[in-house]
1. Looking at the stretch 146-158 only, could you name the residues that are in a loop (DSSP other than H, G, I, E, B), without any contact (Cβ under 8 Å) to a residue 60 or more places away in the chain and of a type outside the set (Val, Ile, Thr)?
2. Pick from the stretch 259-309 the residues that are in a loop (DSSP other than H, G, I, E, B) and within 16 Å of ligand 2 (Cβ to nearest atom): which of them is farthest from residue 245 (Cα to Cα)?
3. Out of the residues in the stretch 64-90 that are over 30 Å from residue 164 (Cβ atoms) and of a type in the set (Gly, Ala, Ser), which is farthest from ligand 2 (Cβ to nearest atom)?
4. Would you mind telling me which numbered condition in (1) free of Cβ contacts under 8 Å to residues at least 60 places away in the same chain; (2) within 25 Å of residue 585 (Cα to Cα) residue 501 fails?
5. Is it the case, given these coordinates, that residue 494 is under 21 Å from the mean Cα position of the chain (by Cα), assigned to a strand (DSSP E or B) and in the same structural domain as residue 592 (by TED's automatic domain parsing)?
6. Quick check on my filter: what residues within the stretch 346-370 are buried (at least 19 other Cβ atoms within 10 Å of the Cβ), more than 13 Å from residue 309 (Cα to Cα), aliphatic (A, V, I, L, M) and touching a helix residue (DSSP H, G or I) at 6+ places or on another chain (Cβ under 9 Å)?
7. Name every residue in the stretch 419-451 that is over 18 Å from residue 471 (Cβ atoms), modelled with pLDDT of 85 or more and in a helix (DSSP H, G or I), in order of residue number.
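The values are calculated or read from the model by the stated rules, or taken from the named source; none is laboratory data. Every value quoted in this text rests on a predicted model; they were computed, and no experiment measured them. So basically every Cβ, Gly included, is an ideal-geometry build from the backbone, and we count neighbours across all protein chains shown.
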Amino acid sequence: MPFARILFLILILTPLPRAQSADESPSKTFRVWATSCAHVPADIRRGRESLADVIRQSEGLVKDAPAFEWDIMIDAGDLSAHQHPPGDRDGYELIRQYHAMRKHRREQIYNVPGNHDAPYYDHGAGTWFQKWGDPLGRHTEFSGVDSERRPFPVEGTWERYRFQAGNMLFLMLADRNDAPEPVGRGHSKDGRSGGYPAGAVTRATFDWWKQQVLDNQDKIIVTMHHHALRDTTIASGRGEGNPRYHGASGGAEGSSYLYYLIENDDPDDFQFISDAHVFEAFLDNFHKQHGRGAIDLWVAGHTHVHGPEDNWGDKTITETRWGVGFLQVAALTRHHGGSHPMSRLLTFVDGASTIKADVYLHDDSYEGNPIGWYDAASGTLPLRHRFVAPPPIKSLPPFPPGTRITDEPYGKPAPSRPLQNASASADLTQRWKTSGQGTLHLEALLKADKDNRIDRKPSLWTGDSTSALEFDGNQRMLVGSIKMEDWTDLTVSAWINTSKQSPGMRVVSKDNIGTPGNFMLWHDLKESWTMQAWDDKARRWQTASWHSHDVRRWHLLTGVVDSNRKKVSLFVDGQQKAESPWTAGSLDDSDMTDLVVGADSNNQRFGHVFVGMIHDVRLYPRALTADEITDLFSTSAPTMK
Ligand SMILES: [Zn+2]
Ligand SMILES: [Zn+2]
């Protein structure tokens, strides 16, 4: 056995109550709640609020659950649960659950991302986590983190940051699952599914961490990362994670620990080392040279243990090696992979050179134990220095003003609206045909329609110097027949402004519901903004989709079919957001449906109705270049509302 086990001090006497009594000095104790793996979507789908529930338990708001004090929560990630990258719906649900806090504030939570929180790499490194986990407080409106309200200010980047509480330095390291395969989830065009559980950091993150450790040997140092180091806590040996705890995507042998080191994260020149072992080698060398640990604690999640006494690979949830204490703190979820929800509370006492690490069971599923402290797994760990406590944290409202908190339940999307009946309508194609500038002049045509020849028409919204079609969910604007059978390329574009996020809302399309047709620019049934075109060579829809909740102001959607580049693409606000292959030589206009704005193309009964405003619809029989689309965005914006 190459390392010493920690000696547990099992409490024989009745444990002291954790809640602070009034005559204790509140400044003398500092409590770090260490959590991981809430996997919010997996639990909320089954009706359990994996974060809100445990927060309420800690704050004494749940009957029969013992309350406890905490000064900060450090969370090791896996806030999401999907085998695909998370979306804004998951972000809103996360913040809705944090909003359960009554006695704490959002900024007392310090997050790092887990493997499930990563996007595809072409969507930008750490994008979802930066918006919703937001250690730097750059997206306060979404994350609820205001950097000014941090009790201990954060320095660094989303990928690696530090903060100090008393004489304790926290080094927070992100997992980088937004990387090419096998390290990460790959490119969106491949659409791979899986957790890609093996851990990864960049060389730059390792170098930063090492320097911080060397420069701060006078402090207590705690590192948090989603993954354990190799051969430390439970199941962290090579090959021990899969299949008992983790899937095989991205390398089964390293699924339970920090396995990859990314030398270059540029996808075009991606370089990495498997089983890199650089942290372990550094800690080992330091320990050999100095006869003491280089840091005090490494706190990780990711491996959902089967209860607090789980032991796998002859390793448990608390271990010491190289003079460092290692803690496994997962998981808060009950339903992702199936576990007994638990977390750990680390109690630091001013002047003391040991800490107490307790386990809290968040439900009563583990061997008949009640909700609360599981004392058999409590332990004491040594520190390299005596703890100097920070001043007590002042109380502030839980969230800064301006945070968007949804009260919408995270559930199945509402069904799209029922079909509407329609009568014959005027042909509106003439001005488009003669002007040649792309625009359909719909606002002008609507204004001119004094004798109501346009059936089921939207109302005309007029702003300062602009106007738009305003749809209430019962209307459409049937433009008419535009023959496209010899179009090899197409660009369709429209400004939209909607607060509705219902599935199945069409902006512009030439397609009847139920029969594959020509093209659609719409908010699809999976609630993504989508450009799709029927590829009659591949016999399928080619779909370019982008998911966002953030459309409560004007945005320009532009869809392009380009037979020369063999691509269907979607641009939002002049920027390309998604792309898919295209094999046909021209658009499929074989069923000769009408071009319609705000609904599908059926003549008598229409559906997929839009709710909100649409402005300046354009249609071009060619593929606009990226530069032309950027120009269109900057020159055609409606007056902002
Ligand atoms: Zn997890
Ligand atoms: Zn994980």
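1. 150, 153, 158
2. Ranking the qualifying residues of the stretch 259-309, first place goes to 301.
3. 65
4. The failed condition is (2).
5. So residue 494 does not fit the description; no.
6. Result: 357, single match.
7. Residues satisfying the conditions are 430, 431, 432, 448.
Conditions tested, residue by residue: (1) modelled with pLDDT of 95 or more; (2) in contact with a helix residue (DSSP H, G or I) (Cβ under 8 Å, 6 or more places away or on another chain); (3) not in a strand (DSSP E or B).
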residue	(1), (2), (3)
527	no, yes, yes
531	yes, no, no
538	no, no, yes
551	no, no, yes
557	yes, no, no
570	yes, no, no
612	no, no, no
629	yes, no, yes
641	no, no, yes
